1. Just to be sure I understand the filter: pairs with C-beta atoms under 6 Å, separated by 6 or more residues or on different chains, first member in segment 11-28 and open to solvent by 80 Å² or more (accessible area, probe 1.4 Å), second member in a loop (DSSP other than H, G, I, E, B). Which pairs pass?
2. Quickly run through segment 81-92 and pick out the residues that are loosely packed, with under 10 Cβ neighbours inside 10 Å and modelled with pLDDT of 80 or more.
Amino acid sequence: MPGAKYTSTMSHMIPAVFNARTFRPLEPVELAEGTPAVVQVESAQPAVSDEINEDTRKAWCDYLDRMERLPDNSPKDGLTNRDHDRIIYEAV
């Protein structure tokens with residue numbers, strides 16, 4: 001805080017959860033109401049990686065192969081998806 005002068009410094013980590021615009025401590029905090037504080041944000045979530053392991057890659061390849069082998073024909077009844085929804089969901 002520019003221009004602020006402090007006579008003592010207290011520093012410790014407090015686990016918290018961020019919701020909307022507020023940090024909510026997950027353990028008791030021994031500070032008087034209205035005490036100015038500086039919050040340093042360090043995410044506790046693991047980093048996201050684009051890399052996948054060989055087992056996962058193989059599983060996805062097998063899944064995609066099975067999907068490609070599925071038949072790609074529509075029923076020959078002449079009905080569309082809208083007809084289907086009308087028949088099932090509209091009151092008769």
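1. 26/15
2. 82, 88, 89
Let's see how each residue does on (1) in contact with a Phe, Trp or Tyr (Cβ under 8 Å, 6 or more places away or on another chain); (2) in a helix (DSSP H, G or I); (3) exposed (fewer than 10 other Cβ atoms within 10 Å of the Cβ):
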site	(1), (2), (3)
35	no, no, yes
39	yes, no, yes
55	no, yes, yes
72	no, no, yes
75	no, no, yes
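The values are calculated or read from the model by the stated rules, or taken from the named source; none is laboratory data. Bear in mind the structure is a predicted one, so any value in this text is a computation, not a measurement. Cβ atoms come from the backbone with ideal geometry, glycine included; neighbour counts cover every protein chain shown. Quick note on the areas: whole protein, heavy atoms, side chains included, nothing else; ligands and nucleic acids left out. Shrake-Rupley method; radii C 1.70, N 1.55, O 1.52, S 1.80 Å.
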